[in-house]
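Input: a single structure, listed below in structure tokens.
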């Protein structure tokens, strides 16, 4: 066994002085200065190490003291006891507890942190900017910035970035520049970070703009690295009233919320548009299409009684009493009967048959855009109720399809949420909310901020504090005969949808990209408004919320906890929000709890939740928007 060279006590103390000084230099010097220090000291420390290996402890001690004198760490008349203190104000405490430095004959090892690193080859990539050439006025469009490993037909130029290691990514600063007074207005941050992976590719960063006026408008995307502009890419956007001569081909199905389904959405789209109404009926055009549909869209005409919204809303308010029967099989049968009756009265037979086709496997995305917000789509039962004669057994739409809804308002996002969670849970509600608080802490990695008072929650809705996940666990109600009928019961008062502030056109709202979960009774019921409908979902989407979850009727404490727990954990595992909700319904179905059917999800059909610190609100590379 090789023994360590013999070091005197004085040598160890001298070495400790050098170590402390080098530690301070490592914290203050830049890369070039570190390399210069290494070149200055490496040879001298190597000689000292060699003397020590030869057993010449006195000579190694003399050489080390001379080095410290040259570095002005010791005076030339200094005694042989540097342990008296070279830096009494910042060094470690002197005294009997001090442990002498053990160099093991490798004093030059103290320079390891200053050793020049092998220069990595530059990272080569091809940045790309994708923006539409023409848009219509008063529309929202996106400018997508990414990078790829090789050139493509768009003629992107090759760019090289210096890096420290071969496997290190490169962070490029992006900024979107718009001319002063431009008719293009930003609906989000104008700067972001594009992280380019070692293979030259980068995830997409999306800037969202609003075109307010007809004309040709220029913009530029500037790429900076280490604060220096490397290059810029310019585009001209033509805002025009000219209509396309023909509709887009079948694979390019665009939803009114701005999602180009040919990119990522692979499901079905059910669109309802009200065309006219009479004194006793409302008439809708219904279209079933989508990438999964293929071929010519199925178009139907649907008519509802003029007071259908009041009747359906009353059903949701009375659902608890309608299903208050004995054991769970009876409750399930009753709910299937109600859902089947609703489906037969609302949907034309051809649409029911189309949705019952065996090719739609469980979990097929079904996105519903409707101007009628009162239909409880998730609770519609298609096919024959289980146990009846004739026909195949049916299913609830919300358990077979991954259902999402959207109102023609707001700005849908593909990624919502974040690590900043706020939980609104009054302490005097009598509800069991411990599981909901625990699952929020589990998925975000930190305990949620608890709010209970009305003024605190109103402040949160205005952005103070900023909530990326806003979860309500409280009592709620929906009054049919009140001008402001929706209410959430807080510690010291009622919160109403009118407490939600709306953003100015072209500006971000205080709830931009937030995942809002209203786990309160009847929070999903929309109200009749002065101009159209109004309620929690529509007001939250208007304020920029990225996704809203709410029940359409009175839910039990157990059902509310069970659905929320499974929903959040499914979303944390990377499921789309629609599939997370569907799986949550199925997870509690065996308990016979019908609350699962009442939860509606307003979100983009491809939306996922991000529970990390870096999120969609910061405008970074992880926050791509629709």
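Residues of segment 25-39 that are loosely packed, with under 13 Cβ neighbours inside 10 Å and within 23 Å of residue 61 (Cα to Cα): 39 alone.
Considering segment 547-584 alone, what residues qualify as being modelled with pLDDT under 90 and under 20 Å from the mean Cα position of the chain (by Cα)? 550 - this is the single residue of segment 547-584 that is modelled with pLDDT under 90 and under 20 Å from the mean Cα position of the chain (by Cα). Kindly evaluate residue 88 against the criterion of being surrounded by 14 or more Cβ atoms within 10 Å (Cβ to Cβ), modelled with pLDDT under 90 and out of contact with any strand residue (DSSP E or B) (no Cβ under 6 Å at 6 or more places or on another chain). No.
Residue pairs whose Cβ atoms lie under 9 Å apart, separated by 6 or more positions or on different chains, with the first residue in segment 345-365 and at positive phi and the second in a loop (DSSP other than H, G, I, E, B), are 363/401.
Among the residues of segment 562-591, those identified as surrounded by fewer than 18 Cβ atoms within 10 Å (Cβ to Cβ) and free of Cβ contacts under 8 Å to residues at least 24 places away in the same chain are 573, 590. Scanning segment 26-45 for residues that are farther than 14 Å from residue 113 by Cβ and either modelled with pLDDT of 90 or more or touching a helix residue (DSSP H, G or I) at 6+ places or on another chain (Cβ under 7 Å) (or both) turns up at least one hit.
Do we have residue 204 as within 21 Å of the chain's Cα centre (by Cα) and either surrounded by 14 or more Cβ atoms within 10 Å (Cβ to Cβ) or at pLDDT below 90 (or both) here? Answer is yes for this residue. Can you name every residue in segment 369-397 that is at pLDDT 90 or above and closer than 21 Å to residue 606 by Cβ? Answer for segment 369-397, where residues must be at pLDDT 90 or above and closer than 21 Å to residue 606 by Cβ: just 397. Tell me yes or no: at least one residue of segment 330-341 is surrounded by 15 or more Cβ atoms within 10 Å (Cβ to Cβ), over 16 Å from residue 380 (Cβ atoms), more than 35 Å from the chain's Cα centre (by Cα) and modelled with pLDDT under 80. For segment 330-341, residues surrounded by 15 or more Cβ atoms within 10 Å (Cβ to Cβ), over 16 Å from residue 380 (Cβ atoms), more than 35 Å from the chain's Cα centre (by Cα) and modelled with pLDDT under 80: present. Among the candidates 418, 410, the residue that is touching a helix residue (DSSP H, G or I) at 6+ places or on another chain (Cβ under 9 Å), part of a loop (DSSP other than H, G, I, E, B) and either surrounded by fewer than 21 Cβ atoms within 10 Å (Cβ to Cβ) or at pLDDT 90 or above (or both) is uniquely 418. Scanning segment 71-83 for residues that are surrounded by 12 or more Cβ atoms within 10 Å (Cβ to Cβ) and at pLDDT 85 or above, which turns out farthest from residue 40 (Cα to Cα)? The extreme case among them is 73. Determine whether residue 351 is outside any loop (DSSP other than H, G, I, E, B), surrounded by fewer than 21 Cβ atoms within 10 Å (Cβ to Cβ) and out of contact with any strand residue (DSSP E or B) (no Cβ under 7 Å at 6 or more places or on another chain). In short, no. Across segment 180-213, the number of residues qualifying as under 23 Å from residue 503 (Cα atoms) and not in a strand (DSSP E or B) comes to 10. Candidates are the residues of segment 501-537 that are in a loop (DSSP other than H, G, I, E, B) and within 21 Å of residue 475 (Cα to Cα); the one that is modelled with the lowest pLDDT is 524. Against the list (1) touching a strand residue (DSSP E or B) at 6+ places or on another chain (Cβ under 8 Å); (2) modelled with pLDDT of 90 or more; (3) over 13 Å from residue 495 (Cα atoms), the condition residue 442 fails is (1).
The values are calculated or read from the model by the stated rules, or taken from the named source; none is laboratory data. Every value quoted in this text rests on a predicted model; they were computed, and no experiment measured them. Methodologically, a virtual Cβ is constructed for each residue, glycine included, from the backbone with ideal geometry; neighbour enumeration extends over all protein chains shown.
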